[in-house]
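The values are calculated or read from the model by the stated rules, or taken from the named source; none is laboratory data. In this text, all values refer to a predicted model and were calculated from it rather than measured experimentally. Glycine gets a Cβ as well: all are built from the backbone with ideal geometry, and neighbour counts include every protein chain shown.
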Amino acid sequence: MKKVLKGLLTALFTLPLLTGGFGATLVKADDTANKAADQNASPAQTVNIDLHKLVFNNGEAPTTPLANDGLTKPEFANTSVPLNGAEFTMYDVTAKYNQLLAAGKSAKEAVAAIQQQDGVDGNKVTTVTTAGQGVAHFADVPLSNNGAFAAYLFVETKVPSGVTDKATPLVIAMPVYNSDVAFMKGNTAGGNDLSTINLYPKNEANELVKKEKDDQVLSYTVGEKVGYKVTVNVPADATKTFQVTDKPSVGLQVLLDDTFVVKSDGVALASGTDYTVVKNADNGGYTFNLVTSSNWIGKQITIDYNMEVTSQAVTDSGLVNNVSVDTDTKKDQKPAQPTPNIFTGGYNFVKKDGNSSTPLVGVEFQVKDKNGNVLSFIKNANNEWVIADSTATGASATISTQTDGKLAINGLKTGDYTLVETKTLDGYVLPANPNTAFKVVTNEAGAGTYTATKGDAAGVVTNVKKGILPSTGGTGIYAFLTIGAALMIGAIVWYKKSKDSAEV
């Protein structure tokens, strides 16, 4: 029987190694027509077929065919690891294969036609999911079908999350040879057991890490929360280490509360069991580690969390939130597309005497948002007023002018506000209308109102001094009238005496 098998034409075909394709070509296709009528095989002859599923890091899968002897793993240039959870379905396409041969197609052309057709023209045999070391084991596959050597199609019908497109469909036309001996149970060659054909389909992992904001908002008031989502695809070289580090600029801090949620395939991971996360000591970010990273290779994990804009945010300066990933062999790997900067803004005023333009220090105000809510502030090291964040102490709704009458207001998002004068200095009166409307624009487009209103361009608010009024119950105007009358009488008397003297 071995001589009969040896004399028959057969081939194992795979497409070239493109992304998602198979890892090697076992034997070269024979272009001689392999007619079904010429084939005679016993239905008792069987072979095992093991598909060893491999996953490569994004961009590292081989792109050219590699020799495969059906026994050992080909020597791939880049690191790969077994991938469990990939589902392969086996179809019997013997009738279609022989139909194509009968129509004059070569064996290679027949295989290509079956691989490229839409849908499957054959009978489903079984479905197997890779397990253990990423193996889909198809046991006791018959070499023949109705007296003719069989042809089988293997289609990857499901891939785990975090993996790119499914592998290219594979067609195996029986029998398959290693050197001069067919793979079949009971056969050996050079001391090797030929009862199992070993093949190595492969995939690439998706983009390693991606970070997104929950919305398109770029302007924030201090104390508001900013939502982020980090999506990671655990790569092949994460057998020992998979670490995500978030490093924001000053003015952002992570909230490690119940809004910090980690999931894979929609199922929440358990903190402490599946992962650990700690707040960084040197910034407001976090460091995330998978506890047993090798268990998650080939899987996609999402990390949803909020960051708070803090009172330390630099007004009109973009706040950056960077993320990076470390694995066994690669460090500080960043997303291809960074998330956009966010901004907080403000406005500058100066309080002056309405007549002399002398700066007035200590005049008190409140700030209201467009809904009439009174905002609370703290004073920073630069004697500027900043919206209080959730960790602030000593926050106050009353703010006051500082040196040179300046009133710098920080930590506001784009919007309309009202400055309300509540108390002025002794000797001055409050304006008839104590409200000053102002509009804040943050600096996304390089036109922030905080920067634009610094120095001489600051908004000027004036007060005037009180007039001099008599005290209640005092002598008032009557004293002045009495003095005036006495002076007039004295003048008249003096005039008459002077006239009488002149006439003498």
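Please give the strands (runs of 3 or more DSSP E) falling wholly within the stretch 109-166 in which 1 or more residues are assigned by the TED database to the domain that holds ASP50 and without any contact (Cβ under 8 Å) to a residue 40 or more places away in the chain. Outline the logic, then answer.
On the way: elements: 123-129, 135-142, 151-158.
Correct list: 123-129.
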Flagged pairs (Cβ under 6 angstrom, 6 or more apart or on separate chains; first in the stretch 302-317, under 20 Å from GLY266 (Cβ atoms); second outside any strand (DSSP E or B) and at pLDDT 95 or above) are TYR305/PHE260
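Of everything in the stretch 396-426, what is farther than 16 Å from VAL222 by Cα and either outside the structural domain of ALA457 (by the TED database) or of a type in the set (A, V, I, L, M) (or both)? Give them in sequence order. It would help to see each step written out before you state the result.
Initially, the stretch 396-426 is screened for residues farther than 16 Å from VAL222 by Cα, giving 398-407, 418-426.
The answer is ILE399, LEU407, LEU419, VAL420, LEU425.
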So which residues in the stretch 184-217 are part of a strand (DSSP E or B), at pLDDT below 90 and closer than 22 Å to GLN300 by Cα, if there are any at all?
-> PRO201, LYS202, ASN203, GLU204, ALA205
If you go through ASP265, ASP237, the only one that is outside the structural domain of VAL163 (by the TED database) and surrounded by fewer than 14 Cβ atoms within 10 Å (Cβ to Cβ) is ASP265
The lone condition ASP316 fails out of (1) out of contact with any helix residue (DSSP H, G or I) (no Cβ under 9 Å at 6 or more places or on another chain); (2) part of a loop (DSSP other than H, G, I, E, B) is (1)
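Go through THR436, THR358, THR393 for me and flag whichever is under 24 Å from VAL222 (Cβ atoms) and either in contact with a Lys or Arg (Cβ under 6 Å, 6 or more places away or on another chain) or surrounded by fewer than 16 Cβ atoms within 10 Å (Cβ to Cβ) (or both).
Working: THR436 fails: either in contact with a Lys or Arg (Cβ under 6 Å, 6 or more places away or on another chain) or surrounded by fewer than 16 Cβ atoms within 10 Å (Cβ to Cβ) (or both); THR358 fails: under 24 Å from VAL222 (Cβ atoms).
Criteria check complete, one pass: THR393.
In the stretch 238-251, how many residues are closer than 29 Å to PRO82 by Cα and outside any strand (DSSP E or B)? Working first, answer last.
Taking the stretch 238-251 as the starting set, the residues that turn out to be closer than 29 Å to PRO82 by Cα are 238-245.
Going one step further and asking which of them are outside any strand (DSSP E or B), we end up with 238-241.
Total satisfying the criteria: 4.
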Scanning the stretch 295-317 for residues that are closer than 15 Å to VAL163 by Cα and aliphatic (A, V, I, L, M), which turns out modelled with the lowest pLDDT?
-> ILE297
Just one of VAL181, VAL278, VAL250 is touching a Leu at 6+ places or on another chain (Cβ under 9 Å), at pLDDT below 90 and surrounded by fewer than 21 Cβ atoms within 10 Å (Cβ to Cβ); which is it?
-> VAL181
Of the residues in the stretch 376-391, how many are in contact (Cβ under 8 Å) with a residue 40 or more places away in the chain and within 24 Å of THR451 (Cβ to Cβ)?
-> 6
Residue check for TYR200: surrounded by 19 or more Cβ atoms within 10 Å (Cβ to Cβ), of a type in the set (Phe, Trp, Tyr) and in contact with a Ser or Thr (Cβ under 6 Å, 6 or more places away or on another chain) = no
Only one of these is among the hydrophobic types (A, V, I, L, M, F, W, C), modelled with pLDDT of 75 or more, loosely packed, with under 15 Cβ neighbours inside 10 Å and not in a helix (DSSP H, G or I): ALA447, ALA408. Name it.
-> ALA447
In the stretch 271-301, anything farther than 17 Å from LYS210 by Cα, touching a strand residue (DSSP E or B) at 6+ places or on another chain (Cβ under 7 Å), among the polar types (S, T, N, Q) and touching a residue at least 24 places away in the same chain (Cβ under 8 Å) is listed as ASN280, ASN283, SER293
